[in-house]
Structure formats: C-alpha cells, structure tokens
Amino acid sequence: MPSLVASPLVAPSQSTSKALFHDTSYTRYFTPPSSILPDAYIWPEQDRPSSIPDDNEASSRTEIPIIDMADDEQTLIRNLANACESWGVFYIVNHGVPAELLNNVREKALELFSLPPSTKMRALRRDGSFEGFGKAPISKFFDSLMWSEGFTMMGYPTSSISDTTSKLCPDGNNKFRGVFEEFDCAARRVAGRLLRVIMAGLGVRHGDEEQHDVEKESVTRSALQLNYYAPCDQAHMTMGLPAHTDSTCLTLLHQGLVPGLEVLHPSRCSWTPVPPLSAAPSSLVVHVGDMLQVISNGKYKSIVHRAIVNKTKARLSIVSLCFPSSNATIAPSEAAVGTSKGGRSLYKPFKWEEFMQAKSKYFMAALDNFRC
Ligand SMILES: O=C(O)CCC(=O)C(=O)O
Ligand SMILES: [Fe+2]
C-alpha cells in the first residue's frame, strides 16, 4: 500500500531569493524565505495558539467523533446526527477515497508549493477571483499576516483546475490536472453521500421533494483548496489560518500526519486539537459549514476552526469545499424546523450569492443578517 507519510515536506520558501521577498507583490502571496518571524506576522497575544503541537505527529487519541462510513445505514444516520450536533466536526474512515489518490494529491500539492517563485507568480490570485495562489480571503479581517500559502481551484461543475494549473506548466505538460480533478470528483461524491445521510438524520425521508431539492442544491459545487504551512521558529507567536467558519455546506480535509488543526467546541471556550490519526492515515476530517447550520435550522453549528504552525515540520492540508450553486435558495429544511424547539424557522430563505456578500462584509457574523 502506498505510504501516506509522503517524502519529508521541504519548505518551498527557503529556496526563495531575498530579493523577491522584498518585492511587495511576492510577499502578498507567499511565506517569507526564512523561518524567523517578521513583525508583520506576529499576532496579538489573545489570538496566538495556546500551545504548539508536539512535533510528535499523529495521535491515537482524540475527543472528536470518528465515523465509519462502512457501518450500516441506521448506525451511520445515528452516528452522523450525534457528531454534527455534539461537535460539528468529525473524522470519516472507510469513505471510499483511495489511499493512493490521497497520496498522489499530497505529492502533487507539495510539488506545486515547491515550484520556483517565478513560476508561482504566473498563477497569482487576481482581485475578484478565488483561483490560484493567494492568502485566504479572510486575511482582510486581520491586521497580522498569516504564516501560510494557499492555492485555490474551482472544481465541479465549471472546473478551472486545468486552466489554473496549466499556468504552472509552461512546457504544456500539465502534471497536476488529472490527480486534482480525480480528487475533486471523489471528495464531492463523499460529500453527496454524507449530506444524504445527514438529511435522513434530520428527518427528511427518502423520496421527499425536499430531500431531492436540498441534496440537489447544497453540494452542487466544489472548490479545491491547498494550504501549505512552512515551519516557523516562533510558531507560538503566529497563526497559519486564524479562527473562521467555512461558508460551505460540508468541507472535507486531509491533513497528512502533521498536527495543526484546532476547533472551538460550540459550548466550550477552549481550543481542541484535531490530530491526524496514526491508526487511520487516510481518514478525512469533515466540517459542518455555514450552509448546513441553516439547513439544519441551527441544530448543527458551523464549526469554528483554525490552523496553527509547527516549529520544525511543514504541514500540508488538502481541502474540498462543497457548497451550493449561486442561485440556489438556502433555507432551513422543513423537517428540521418541524423537530426544532418552538417549531419555527430561525433563518429567512436567501441566495448563496447574498450570503457570500454578507460573509465578505460581516465575516463570522454573516448569518445574523438572515435570522428571522
Ligand atoms: O489546514 C487546515 O487544517 C485548515 C484549513 C482550512 O480551514 C481551510 O482551508 O478553510
Ligand atoms: Fe476552514
């Protein structure tokens, strides 16, 4: 079986010339060339990690639920309902995405972040677009810079994976396209199945018109997000990706064997690590996103999470963001409203585009704009 412990992650930024670092357009997109923290990357004390993960890598223990997708349907319905309600984040195993595909995606993603700066600069995220290399759009809500690099591709149905990655392959031989497209497709299929079972747990019956609409509309589109976190000597003073919720319905994430993901339990005030599982290196982490919070009428909360960086190990996360089509109407499912306390809808119907506009203005308070 191919190993998921890919070749050691080499910090691409270490090959970056100092001259390029002083080019402001380069620093807008990429991590600085040394692991010593420039002032702009130092975060206010209250936003810093409380502790840095032990570089001891994967763990065999976690508080976060682990869902076995090979369980029978009724067990799966029950376990997913519990996981969504109690945490809003869970691991899935036996999900059907082959270990070899995960391994290949990680290898290619690492190759992509290791390209020479002059090649990377050919695929920068331009204003108004999400595609290519760029800091996460949430960076505008924070004064300090994130210690991370991101590369985004729009997936199904109007995939830009081929166009975006071909900019990185001037010789016309696109070595990224096939494997990223295959992963996008495989992850979205898993998200579709998860949503079907989650909807059943909310009381939507198989064959209902509502089941058809919600499932048809809610994970119709996908984006593939690659995140690279270089090691940092002063990891305790910076942040890879600060606290946020995903605007998705569901997010699927593969983090390899280097820890860094943390979540804020809906009713606790402290951060809980989501460590890579040593016994299940092909497991994926699933986040409940903002749209599932609405569809479930607030029963399932969009999980607040963040990524912290390590002192000696680089970290790579492969993220499939699954979300509705632009003109889909998002509203609490009738079944979820029916079983809510008080039996009333907490959110007004809205279009995905309207939500995205609110998110880019109000960030984590965006959903308040759509409360009844
Ligand atoms: O790298 C991680 O573990 C988190 C990534 C993430 O939250 C995101 O891309 O939205
Ligand atoms: Fe996220």
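What follows draws every value from the coordinates through simple rules; no lab data is involved. Keep in mind that what you see is a predicted model, and the values were worked out from it rather than measured.
Give me the extension gain from K311 to S166: residue separation times 0.36 nm, minus the current Cα-Cα distance, reported in nm with one decimal.
Working: separation 145, 0.36 × 145 = 52.20 nm, distance 3.30 nm.
Working it through step by step, the gained length comes to 48.9 nm.
Report, in deg cm²/dmol and to the nearest 500, the calculated mean residue ellipticity at 222 nm for the chain, where each DSSP H run with n ≥ 4 adds -39500 (n - 2.57) and the sum is divided by the residue count.
-8000 deg cm²/dmol
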Looks like segment 231-297, by Cα gyration tensor root eigenvalues a ≥ b ≥ c and the a/c under 1.5 rounded cutoff (else prolate when a/b is bigger than b/c, oblate otherwise), is oblate
Taking the alpha-carbon centre of each part, the distance from segment 135-161 to segment 265-326 in Å is 16 Å
Out of A230, A328, A191, a Gaussian network model of the chain with alpha-carbon springs under 10 Å gives the largest mean-square fluctuation to A328
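Mind running the shape call on segment 220-268? Use the C-alpha gyration tensor, a ≥ b ≥ c as the square roots of the eigenvalues: rounded below 1.5 for a/c, prolate if a/b tops b/c, oblate otherwise. Kindly include the intermediate steps, with their values, before the conclusion.
Working: a/c = 2.19, a/b = 1.38, b/c = 1.59.
Note, shape of segment 220-268 comes out oblate.
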